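Below is one structure, written out as structure tokens, with a few remarks after it.
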Ligand code: SF4
Ligand code: SF4
């Protein structure tokens, strides 16, 4: 591979310079599929002119696992564990829409305790996810320390989740009708401890990143995603809210028992990397609030509704959506009355969010590209599911 | 040294040997310090096993590991330049150590133009980095090399200017003279000027070492390791690890010499003179190193254009003003 | 509300957050990292220290071979189809004279390919006879992906590390359950468990007390026979150092009874079974009393005077109280042990090292692999967590009588060779039936 494609005559170059038409060579840069900034196999076909990105095209599909087809061959219990693996950072939230879809087709009533626990687990998972992106965004900008701090915080919540579900990442805990089993004793205390610790230490982290001038320089005004563009790409989640779109399925179309809690949807108007990150950090606080409230109001009772031995959704179709950590997660379930779905269409947040990347990346710097990729908070598994 | 009757060649040999041991040992120790300090700043333990006690042999083991690694030269690379580049980067680092006085008589060579030499030699590495980036035949390496060259040149100036401020104060270019002139460390006295000069110097030094927050040239999350992307094994540690660590140790030494009063006590108080100069030097040196290590995990990195702006629009004007102020001080105080 | 917004920094307001702090932010950041330099470190140094994983942790799947009726449900439900089961039918003589001969399934092979397993837990969930359990054990990596298919011997080994299900959080509803099962579980809980609870395992790790087995916790899960393993096993698992005194005593017991020492060549299981039976006979019936006393002593240490009784019978004696326990253990916990594993409860680290090395060599493993394994064995032995043989849990003399006269001394440890025959066919081995049969 020749870096410099044809060497030109010096006089020729001089002439070009003097006439003001020095043409610089554009270079095609493959960012990925294996690249530290892409958190997985994601490829960005970047055309760069010096440090400037002239054009960028996200290429996805490197780890397509064919879940939508696969689930047609698996029964609902197995699917729960499969969809859990789509977005490997918000696993339990992936299981939720599936469970809800089957429940509404089968008309199963989910007992309130299960609903509360579901809310708690989803929010804990959201905190885990957001902390993870807090860490990785810092790392992408060169600040390595937030990673370690965030992982320490994650550990406590993670242990609480493990005590309840038995898994660290792939929880597999939601079932059509409720939960697999009730949470073990000590779960509340452990989870609350973890959450409070996060809130206690959040100021430190904000000082470390949000308040840092270098960080601000790197993010403010960088990678602006306008509201209209966000709408047109179907962007959702913290990224949309960072562009001033006040949309949160938890508020706008409450599922589970979200309507009983007092929390805010954080939005920021500017749509740049900083705002996206700011929204992310703030959602941690809101999630913590929800967890606290949910634990306060946690009713007693069973965690499993009346579910027949064989989960078999009746003929019908339904679209269920929920607010995943990264945006709206929708599942369109068509059942032909079998133990398996006839078709399950999954609308994942990262997929839509990433499609806006090409627009945002145009005319930025190579270093900005990294900041933007980091601030788009995508999970590859969620894109190529 | 002069008391022992040695021929010039023998003396030269000893000096070369001293440098050849100090630098790798310093780099290894620096590497270890970096591992540990950074780990604790980050709420970790860092290496705990190699060598037994708190993993003291980590960097040694790392170095050995790199020795065993395959030395890969990419097919498309310009072989000669590619293999020469690490030397071009590393040798200048060695040469810096020539003029750092650890104690009044513990200096390899007290050159008359000490500072001048220091700064001139320090910037040779730039060429090596460019060579490495260009010859690797890798786009990331090329971007990194260009970034690196631009950055090293931009930050050379503030360093030179801040050193010039010190030289003006001392009225000499010899490092020994400079140290001797500082009753209080220069960073404390003359008030204001010295401190700002010290800060300018530290910033420039961090940038010269291409460490966070000025590590755009080797930003691992963007362009892998910049110019050193294609390097493996020994070449990699010499061009990247040893060069960075060697630079860090060297700059800490320069900083101590120029701004912190070198081997002299912190304040001119006779009881403190009892403590040997080496210890004073060591203390200040450790402080300096810690400062470098502390900065690294705390900050995100500055973008390339911001980095240039910062150098040209802020640091250089500031250091020019410092030169003026120093001139005024020398003339009127 | 504990989320106090005032405590959070000025970054609360976006407009404030976006303002430049003129370098102050840099200093604040440096203060944060400096603060952490002096903070107590919470890092766990993994191979030396171990995290206390919760009982529900999906580490590895353990198989209780005696319970498996080869119903194949697990293999069918597994999303990855990574469970391999082979079996054959065996005809047993009729129960009563003139009756029809009975058929039962005999498990020949039960293997899980852990390179495929996605740890979903469906197999454990669906198993109707409680033959599969999750264990917290997670250190079973191999050098070759093909070696990750673990056979039933290995799976059965892991049974010793299974923890009882944790107690449920306040307000949890007890699912509807058959009264009988609940009752038996309760009996058991009052009988066997408390002894374990008061042991130092809990005191040593108060943080685990929350999740530690506790009286009454089993009533909530009738499907999972709570006494799936003897208390001592749990004790060892939860805190290896507490179990330290036991191994020595065990060897003592064995030495006294002329049993093969811990470090000798592998013995056929049958011999062991017989030995165990003999051992149980030699022990007076009232060991139950002594045993429970011993374990409920505050330190969990056996009283000085009765070492030989305390170490093992503390476990064994508590068992007979519950029917369920007997049913599950069936007096044949040792059965499934791979024949290559010695019967020793714990052994001298060096001896373990040499033994495994030899074993591996004879199996034809490469020297590196052999050595690595041997090292693991040594470390395990050092920490008192040798892959322990279940020390003959059901030793109530009457019940274990059949064990002493195995139908066919088969060294490979084929399940049918020993112990009371489980109920023929894929029927839950209900306790009463089982016993009358024997
Ligand atoms: S845990 Fe899941 S994947 Fe693994 S063996 Fe059991 S059913 Fe199969
Ligand atoms: S009894 Fe349990 S382990 Fe045995 S085959 Fe059936 S489901 Fe699998």
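Just so you know, all these numbers are worked out from the coordinates, no wet-lab data involved. What you see is a predicted model, and the numbers here were worked out from it, not measured in a lab. Cβ atoms come from the backbone with ideal geometry, glycine included; neighbour counts cover every protein chain shown.
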Tell me the relative contact order for region A:24-64 as a rounded percent, counting alpha carbon contacts under 8 Å between residues six or more apart. 35
Label-point separation in nm, residue B:291 to residue C:81, each point 7 Å along Cα→Cβ: 6.8
Decide, for chain B, between rounded, prolate and oblate: order the square roots of the alpha carbon gyration tensor eigenvalues as a ≥ b ≥ c, take rounded if a/c falls under 1.5, and otherwise choose prolate if a/b is larger than b/c, else oblate. prolate
Rounding to the nearest 10 and keeping the result within 0 to 90°, find how far the Cα-based axis of helix B:125-135 lies from the longest principal axis of chain B. 10
What is the P(r) of region A:218-312, as percent of Cα-Cα pairs per 5 Å bin from 0? 3, 13, 18, 17, 14, 11, 9, 7, 5, 3, 1, 0
Structure-based [θ]222 nm, chain B - -39500 (n - 2.57) summed over DSSP H runs of at least 4, per residue, nearest 500: -20500 deg cm²/dmol
Per-pair calculated FRET efficiency, R0 = 60 Å: residue A:310 and residue B:199 via Cβ, rounded to 0.05: 0.25
Given axes a ≥ b ≥ c from the Cα gyration tensor, I'd like to know whether region B:1-156 is rounded (a/c under 1.5), prolate (a/b larger than b/c) or oblate. oblate
Nearest-ten-degree value, helix B:316-332 long axis tilted from longest Cα axis of chain B: 20
If I fit a long axis through the Cα atoms of helix A:112-140 and take the longest principal axis of the Cα atoms of chain A, what angle between them do I get, 0 to 90°, rounded to 10? 20
Quick calc, residue C:42 & residue B:119: beta-carbon distance into FRET formula, R0 56 Å, rounding 0.05, result 0.80
By the gyration tensor of its Cα atoms, with a ≥ b ≥ c the square roots of the eigenvalues, what is the shape of chain A: rounded for a/c under 1.5, prolate for a/b over b/c, or oblate? prolate
Could you work out how far apart the two model spin labels at residue A:34 and residue B:71 are, taking each label as a point 7 Å from the Cα in the direction of the beta carbon, and quote it in nm? 2.4
Checking rank on B:228-237, A:324-333, C:133-142, B:320-329, with mean other Cβ inside 10 Å and highest first, the result is A:324-333, B:228-237, C:133-142, B:320-329
Helix-derived mean residue ellipticity, 222 nm - over chain A, DSSP H n ≥ 4, -39500 (n - 2.57), to 500: -14000 deg cm²/dmol
Report the relative contact order of region C:60-161, percent, no decimals, based on alpha-carbon pairs under 8 angstrom and at least 6 residues apart. 39
Can you figure out the FRET efficiency of residue B:54 with residue C:52, using R₀ = 22 Å and their beta-carbon distance, to the nearest 0.05? 0.30
Shielding of B:142-148 by partner chains, average beta-carbon count, 10 Å: 2
Sorted on mean Cβ neighbours within 10 Å (highest first), peptides C:115-127, A:250-262, B:288-300, B:131-143 come out as B:131-143, B:288-300, C:115-127, A:250-262
Averaged over residues of A:163-175, the number of beta carbons from other chains lying within 10 Å of each residue's Cβ is 4
